[in-house]
Structures are given as structure tokens and as C-alpha cells.
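The values are calculated or read from the model by the stated rules, or taken from the named source; none is laboratory data. These figures come from a predicted structure and were not determined experimentally. Virtual Cβ from ideal backbone geometry, glycine too; neighbours counted across all protein chains shown.
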Amino acid sequence: MNVVIAAAGTAGHVYPALAVAKALVARGLERSEVIFFGGDRIEREAVPAAGFPLVSFRLAKLRRSLSPSNLGIPGVVAATARRMRAELERRGAQVVLGMSGYVTVPAAVAARRAAIPLLLHEQNAVPGLAARFAARRADRVLLGLPGPAERLGNAEVVGNPVRPEISSFDRGALRAEALERYDVAPNTSVLGILGGSLGARVLNEAIPGIVARWTGPPVTIVHLSGPAAAEAAAGEAARSALPWRCRGYEDRMDLFYAAADLVVSRAGAMTVAELAATATPAILVPLERVGQGGNAAALANAGGAEIVRERDLALLGNRAAALLGDGAARSAMAKAAAALAHGDAAGRIATLVLEAAT
């Protein structure tokens, strides 16, 4: 059996796809039978490194601003769809899983023309243009979060696939190691600040103000700044009146969540999924222009997070201090966040993919 997964561009599309691919292997497929369709971005290294074959295509991304480059998109999509169809037929693919993003558009066209079942997974609460296009051609639509995407036809919320160390997360078992990793003193709260794999400038820039006006309990700030901002953030941290541990990149996110009593974060779909899976209370500052408001609302509506808009960032320090001083409120948020989690989303998606292929 050959399964094709179309995933490209960002970690938020590629790493969930890899989690599904590994779940397919756990259900009996060979790695050579799980074939990725992508382009030349993060998938170019991540997919082969995980042991799966990658077929790269020319891809076109729609620019939201008026741009002459958009005029060439239909031609690129049509040509890529033709190549994808030929590749599907050559490999005898029996099902296609599109992980949203622009690679899903030609993959959906190719699957339909080759008469191959198509499943779509949309990570975000608010579906993007590619997901809305592919949903009309999909046999089944699988969603990472509740929200407006539920209006897509034949949709089911199955959760977002998270990395294994997050799906099996045990805060109690990891807590001591996590506090040692970040050199946190006893009887000290931990405020984790997370902007995603590349960091978030607005959050990085907010920390000095939080430090200067801190009125909450004793706290250590654990700050994942993103690689580009690491040097500047480390300089600020060295001058800080509060303990401030800065890392440009963290390869043990399970320890970050285990250390954090409260996380301040952007609201990418995978970050929201990880906060739910680890039952970590959060204050979310969504990046509205890429649709993170819907993701933030999914967790906040469940009771697992508060939302602070960018225009209200002056309130961030006070809200963090209040929550770190209120253990009962954080316990309630943790319980609510956990209720939103889907413990084995990757396994559920893999099972549905295999069912569609038979």
C-alpha cells in the first residue's frame, strides 16, 4: 500500500504530517510506502531525516496583498497538479492526505483526477484558502481545533498531531529535571514565554517592561526567543532584575512545559495543541493577520487560556502576575485545557487514512 502525504512550507504543516507518517508505520506500513509531496522548504530536510521519501514540486503561494506574482499561480498549480497525478499513478498511491497549506491545492486536484480518495487535515480553527478549496474535493475533512472550520463539509474534530514526548507528557515525572535545566530556585514560579520556532518580536520586546513593573510572586522567566533574537535577548537577560533564562531554540519542549507554571505565547495551531496536551495555563497574544485569533479563542472559550491583544500588551505583566499569584485559577485553566486535548490525534488520522485506502 502506498500513501501520499502533501505537506510543505512550515513546521506547523510538516511536523504534524510526520507524526501521522510515524503512526502509519506503527500500524504496519513501511517507511517507503509513506511518500511525501512537498516543495523546497523545511520539508526538504525534515522528511528525509525522518526516513520518508519526498517528491518535490514547484509550488506557488498566494500573496494576500495585490501582487503581480499572483497572476502566475493558476498556471503553476495546473502544471504541478499534472505532475502530481502522474506521480500518484506511477507509484500506485491508494490515498492522499493533504495537510493544508498551498501544496494541498494541486494535490487535491491531482487526487480527484486520478480518482484517489482524498483526506484533508486543517490545523487551524479558521480554515485557510487552500483548505477551503481542498475541502470541496475531499472525501473527509479532519480538524485540529473547534471553530469556524467546522462549517467545512463532512468535518470532524480529531485534534492536531503533536510530537510523541508531548502526547505522553507527564509533568510530575519531568518537573525536577525541568527546573534544574533552567536553574530555577525553590519556591519560585516560572513564567514561560514562547513565540514559536522562530520567536515573536512583539513578545520578545514586551519582556523588559514586564520585568521592570513586576508585582507578582518570586518568578523566573524562561524565554524561548527564537534564534535571530537570541543574542539581543541574552544581553537584556544579563541586565535583568529578575532571573531570566533565555534560549534561542529549545529541543526539549517537554521540559519547557514541565517547568512553566504559566506560558505567554502566540497562538499557532500546534502551540495551542501542545498547551492543551500538557495542560499548561496560558495567556495568548494571537498574531491576527495570519488567523491565530480563532486558535486562541478555541482554547480561551474552553477556559484554558486568557487572550491579550497586541494593542493591550501593557496589560500583559499584570495579568501574568495575577495568574501566577492565583493557584486555584491556574488549576482550573489546566483542567480546562486538558479537556480540549486529543491524546492520539496522529493515530486517529492514520486509522482514517488506512480505512480510506481500503
Checklist outcome for this item: Taking region 147-158 and keeping residues in contact with a Leu (Cβ under 8 Å, 6 or more places away or on another chain) and either over 11 Å from residue 119 (Cα atoms) or assigned to a helix (DSSP H, G or I) (or both) leaves 149, 150, 152, 156, 157, 158
Item to check | Selection within region 190-231 - farther than 23 Å from residue 286 by Cβ and within 26 Å of the chain's Cα centre (by Cα) | outcome: 220, 230, 231
Checklist entry - For region 285-324, which residues satisfy the criterion of being under 17 Å from residue 270 (Cβ atoms), touching a Leu at 6+ places or on another chain (Cβ under 7 Å) and among the β-branched types (Val, Ile, Thr)? => result 285
Checklist entry - Consider residue 280 against the criteria (1) within 30 Å of residue 101 (Cβ to Cβ); (2) part of a helix (DSSP H, G or I): it satisfies all of them except one. Which criterion is unmet? => result (2)
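Results for (1) outside the structural domain of residue 56 (by TED's automatic domain parsing); (2) in contact with a strand residue (DSSP E or B) (Cβ under 6 Å, 6 or more places away or on another chain); (3) of a type in the set (A, V, I, L, M, F, W, C); (4) closer than 26 Å to residue 278 by Cβ, shown as yes or no for each residue.
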site	(1), (2), (3), (4)
95	no, yes, yes, no
99	no, yes, yes, yes
109	no, no, yes, no
113	no, no, no, no
117	no, yes, no, no
127	no, no, no, yes
143	no, yes, yes, yes
174	yes, no, yes, yes
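Just for helices (runs of 4 or more DSSP H) wholly inside region 179-261: which have at least 1 residues that are hydroxyl-bearing (Ser, Thr, Tyr) and crowded, with 21+ Cβ neighbours inside 10 Å?
253-259
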Checklist entry - Residue check: is residue 130 in contact (Cβ under 8 Å) with a residue 24 or more places away in the chain, assigned to a loop (DSSP other than H, G, I, E, B), closer than 22 Å to residue 267 by Cα and among the small types (Gly, Ala, Ser)? => result no
Checklist entry - When residues of region 89-129 are filtered for being modelled with pLDDT of 95 or more and on the phi > 0 side of the Ramachandran plot, how many remain? => result 2
Checklist entry - Does residue 165 satisfy the criteria of being out of contact with any Pro (no Cβ under 6 Å at 6 or more places or on another chain) and surrounded by fewer than 17 Cβ atoms within 10 Å (Cβ to Cβ)? => result yes
Item to check | Long-range neighbours under 6 Å by Cβ, at least six apart or interchain, first residue touching a residue at least 24 places away in the same chain (Cβ under 8 Å) within region 345-358, second assigned to a helix (DSSP H, G or I) and crowded, with 20+ Cβ neighbours inside 10 Å | outcome: 346/19; 346/20; 346/23; 347/23; 349/20; 350/20; 350/23; 350/24
